[in-house]
1. Quick check on the exposure proxy: order 56, 155 from fewest to most C-beta atoms within 10 angstrom.
2. If neighbour count is taken as other Cβ atoms inside 10 Å, put 84, 32 in order from fewest to most.
3. How many percent of Cα pairs in the stretch 25-167 exceed 18 Å?
4. Using Cβ counts within 10 Å as a stand-in for footprinting exposure, how do 53, 141, 78 rank, fewest first?
Amino acid sequence: MTLKISIVLTALALSCLPQLANAQGNLVVNGTFESGSTGWTLTNGAIVALVGDPGVACFLVSSNSSPANEPTASQVIDGLFAGTSYMISGNYKAGKDPGGASPANASFGVAIDGAFLFELAASPNGSWQSFSFSYTAASSDVLLSLASQINGTGVEYAIDNISMETVPEPSSLCLIGVGGIISAIFFRNRRKVWQQCSQA
C-alpha cells in the first residue's frame, strides 16, 4: 500500500471518530424503573409498581381524566448534541378504559419539551407493545415526558424500558465506507500479484 493511500485511509478513519464519539448509551436514567422513581418526576397520579415488562413498570393512572390532569412521567435528558438524531423507544401497555372515549382519539403520548411527537390510541389486546421514533436534537438538554389519559380519554397505561440513544447509522456508514476501500485495495493488490505470477 502506497503512502498516499495510507494517508487517505487514515483521514477517512479519523473523520469517523467525531461520529463515534457521539455514540452514547441510553441517556434515560432508570428507564426500566428497577430503581423505583429515581431519575423521574411523576405527576398527576403516576406511580411505579411491580408487573413491568419484565419486573417493575411505571403506571400512568389517575382517577381524574380531565385534559389538565394527564398522569405523566418526565425526565430532563442532558448531554445531547445539537443536530444529532436520537431514537426514543420503550414499551407500553394500555390498561383500564373507563368507556365513552373514542377509540380513534390518541390516549398515550411521548413529548419533548411539552410538544407531543408521538401519540397513539389504546391497543385493543391490552398486551405489551413497543414504540419508537426519531428526534433531532436542537439543544443540549430536553424534557422527555410520557403521558396517558391525554385528550380526556381516561385510558390508563403502563410504561417500561424507556430509552433515548443516538441513531447509529452515520458512524456505521462511515466505517463501512472505510472497510469497502480497504477491501478494494486488498483485492486490487491481490489481482496484481496473481497477474505477475501468471506472467512468470
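Read-outs throughout are calculated quantities, based only on the coordinates presented, and are distinct from any laboratory measurement. For clarity, every value in this text was computed on a predicted model and none was experimentally measured. Glycine also receives a Cβ, built like all others from the backbone with ideal geometry; neighbour counts cover every protein chain displayed.
1. Ordered from fewest to most neighbouring Cβ atoms within 10 Å, 56, 155 come out as 56, 155.
2. 84, 32
3. 51
4. Result, fewest neighbours first: 78, 141, 53.
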